[in-house]
């Protein structure tokens, strides 16, 4: 899979702190779920704190929880953000993954060579199975949490972090 780097811009993004764009919040591997009428500022505060502690949470713009989402996986000093958003211009879903330029050198490491395992992967596992590459996770937890809240409030990706766009 080829990726296009979308560099962050120093925009000092602002948003309405009382706005809520997401229609559903679901914890992966848990029965905890919030639907549109249940998502309050208090719930959002609790969810952001859960991210800080370590969790795997999906934020859906679609009330059915099927499309247009941001998945935030955190723990062990790492945070990874993965989004899938429908692009009306191309009429297809586009995937975005947070990008950590500090680990740019790892993109050339062979994923099949286990001797690179500690250098290449974070301790995070997507769905409890697939390890997350360091290049696709941030060590700045607060920046990741701010990007998650920006998505929750606006339904858009934050420009305050780097992204990889999957092609």
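A quick yes/no check of all residues on (1) at pLDDT 95 or above; (2) under 11 Å from the mean Cα position of the chain (by Cα); (3) surrounded by fewer than 19 Cβ atoms within 10 Å (Cβ to Cβ):
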{"residue": "113", "(1), (2), (3)": "no, no, yes"}
{"residue": "123", "(1), (2), (3)": "no, no, yes"}
{"residue": "128", "(1), (2), (3)": "no, no, yes"}
{"residue": "132", "(1), (2), (3)": "no, no, no"}
{"residue": "151", "(1), (2), (3)": "yes, yes, no"}
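Among the residues of the stretch 21-63, write down those that are farther than 25 Å from residue 75 by Cβ and either touching a residue at least 40 places away in the same chain (Cβ under 8 Å) or within 18 Å of the chain's Cα centre (by Cα) (or both).
The answer is 21, 23, 62, 63.
Among the residues of the stretch 46-61, is any under 17 Å from residue 97 (Cβ atoms), touching a strand residue (DSSP E or B) at 6+ places or on another chain (Cβ under 8 Å) and surrounded by fewer than 19 Cβ atoms within 10 Å (Cβ to Cβ)?
We begin by selecting, within the stretch 46-61, every residue under 17 Å from residue 97 (Cβ atoms); these are 51, 56-59.
Keeping just the survivors that are touching a strand residue (DSSP E or B) at 6+ places or on another chain (Cβ under 8 Å) gives 51, 56-59.
Adding the requirement that they be surrounded by fewer than 19 Cβ atoms within 10 Å (Cβ to Cβ) leaves 58.
Yes: one or more hits.
Looking only at the stretch 70-83, which residues are buried (at least 16 other Cβ atoms within 10 Å of the Cβ) and either within 24 Å of residue 6 (Cα to Cα) or out of contact with any strand residue (DSSP E or B) (no Cβ under 8 Å at 6 or more places or on another chain) (or both)? Walk me through it before giving the result.
Of the stretch 70-83, the ones buried (at least 16 other Cβ atoms within 10 Å of the Cβ) are 70-75, 78-83.
If the condition is that a residue be buried (at least 16 other Cβ atoms within 10 Å of the Cβ) and either within 24 Å of residue 6 (Cα to Cα) or out of contact with any strand residue (DSSP E or B) (no Cβ under 8 Å at 6 or more places or on another chain) (or both), then 70, 71, 72, 73, 74, 78, 79, 80, 81, 82, 83 are the ones that fit.
If only one of 40, 67 is modelled with pLDDT of 95 or more, loosely packed, with under 13 Cβ neighbours inside 10 Å and farther than 25 Å from residue 135 by Cβ, which one is it?
Numbers: 67 fails: modelled with pLDDT of 95 or more.
Unique residue meeting the criteria: 40.
Conditions tested, residue by residue: (1) in a helix (DSSP H, G or I); (2) at pLDDT below 90.
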position	(1), (2)
71	no, no
74	no, no
84	no, no
103	yes, no
107	yes, yes
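Looking at this structure, is residue 20 crowded, with 19+ Cβ neighbours inside 10 Å and either at pLDDT 95 or above or under 24 Å from residue 160 (Cβ atoms) (or both)? Before you say what the answer is, go through the steps one by one.
Values: crowded, with 19+ Cβ neighbours inside 10 Å: no; either at pLDDT 95 or above or under 24 Å from residue 160 (Cβ atoms) (or both): yes.
No, not satisfied.
Quick one: what pairs do we get from the stretch 87-99, first residue without any contact (Cβ under 8 Å) to a residue 24 or more places away in the chain, second surrounded by 10 or more Cβ atoms within 10 Å (Cβ to Cβ), C-beta under 8 Å, 6+ apart or different chains?
87/93; 87/94; 92/86
Output the strands (runs of 3 or more DSSP E) that fall wholly within the stretch 1-51 and possess 3 or more residues being out of contact with any helix residue (DSSP H, G or I) (no Cβ under 6 Å at 6 or more places or on another chain), or say none. Can you show your working first?
Values: elements: 3-6, 24-27, 33-35.
Answer list for the stretch 1-51: 3-6, 24-27.
The values are calculated or read from the model by the stated rules, or taken from the named source; none is laboratory data. Keep in mind the model is a prediction, meaning the values are calculated, not measured. Cβ coordinates were reconstructed from backbone atoms using ideal geometry, including for glycine residues, and neighbour counts include every protein chain displayed.
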